Amino acid sequence: MPETVDNKVTVLVLQHPQEQDHALGTAGLLMRTLANAKLAVGLSWRNLGHALGEPVEARDWGVLYLGSAHAAGRGPLIAVDRKGATLPNQEMALSGLEGLVVLDGNWAQAKALWWRNAWLTKLRRFVVVPDGPSLYGNLRKEARPDAVSTLEAAALALSAVEADPTIRERILVPFRALIAEARAAGIQGGKRDRRRKR
């Protein structure tokens, strides 16, 4: 049983319906690891409160945006404006943040979630800047070299928002175990290696 991480900033994962049955998906693992998290499966919701299941102020929430920050080396979390430019006052962008929305799915599915939920554009935008490639390696193909799993993105974001670098490593523990099990089972590219002897 993985350690429960008692996060102060709520994490809401919006999961594309086609992602929920993916064997190497990380949203469920993230839900079991974080004390303060919610998973909403679907394509669209009326607003943030509808997705979360309770009334909230959108101005107190951020979203992990799909763009790339033009501030390599300044990560792990960069606040950006609507055009994707880095905001000059990063501390102010993080001030009073109560929750983060994370989109779960492959690149095309995440983009679909973004475009189908116009209310996401009202949230503060943050771009995760990973310090290396995804732990998936060759187990799951990513659309871009800087793309990481939902769990890895949330772990990086929470460690920055809560100013606690240990959060990231504690969240990654069960993910590392999942990756090790998948490799031991001969899974390549998200599929079992049929050449491997059983």
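The values are calculated or read from the model by the stated rules, or taken from the named source; none is laboratory data. All of these numbers come straight from a predicted model, not from anything done at the bench. Neighbour counts run over all protein chains shown; Cβ positions are idealised from the backbone, glycine included.
Some observations on this one:
- Residues in the stretch 8-23 that are surrounded by 16 or more Cβ atoms within 10 Å (Cβ to Cβ) and either closer than 20 Å to Ser44 by Cβ or at pLDDT below 95 (or both): Val11, Leu12, Val13, Leu14, Gln15, His16, Glu19, His22.
- Between Arg46, Arg32, the distinction of being modelled with pLDDT of 90 or more, more than 15 Å from Trp119 (Cα to Cα) and basic (Lys, Arg) belongs to Arg32 only.
- Meets criteria (closer than 26 Å to Pro174 by Cβ and either over 18 Å from the mean Cα position of the chain (by Cα) or modelled with pLDDT of 95 or more (or both)) for Ala85: no
- Every pair of residues 6+ apart whose Cβ atoms lie under 8 Å, when the first sits in the stretch 90-107 and is crowded, with 21+ Cβ neighbours inside 10 Å while the second is among the charged types (D, E, K, R) and modelled with pLDDT under 90: Asp104/Glu19; Gly105/Glu19
- Subset of the stretch 113-124 (residues that are buried (at least 22 other Cβ atoms within 10 Å of the Cβ) and either of a type in the set (S, T, N, Q) or at pLDDT below 95 (or both)): Asn117
- Tyr65 meets each of the listed conditions (1) over 18 Å from Lys8 (Cα atoms); (2) aromatic (Phe, Trp, Tyr); (3) at pLDDT 95 or above apart from (3).
- Candidates Ala163, Ala157, Ala182: the one that is part of a helix (DSSP H, G or I) and at pLDDT 90 or above is Ala157.
- Per this entry, Ser95 is not counted among residues that are modelled with pLDDT of 90 or more and in contact with a Pro (Cβ under 8 Å, 6 or more places away or on another chain).
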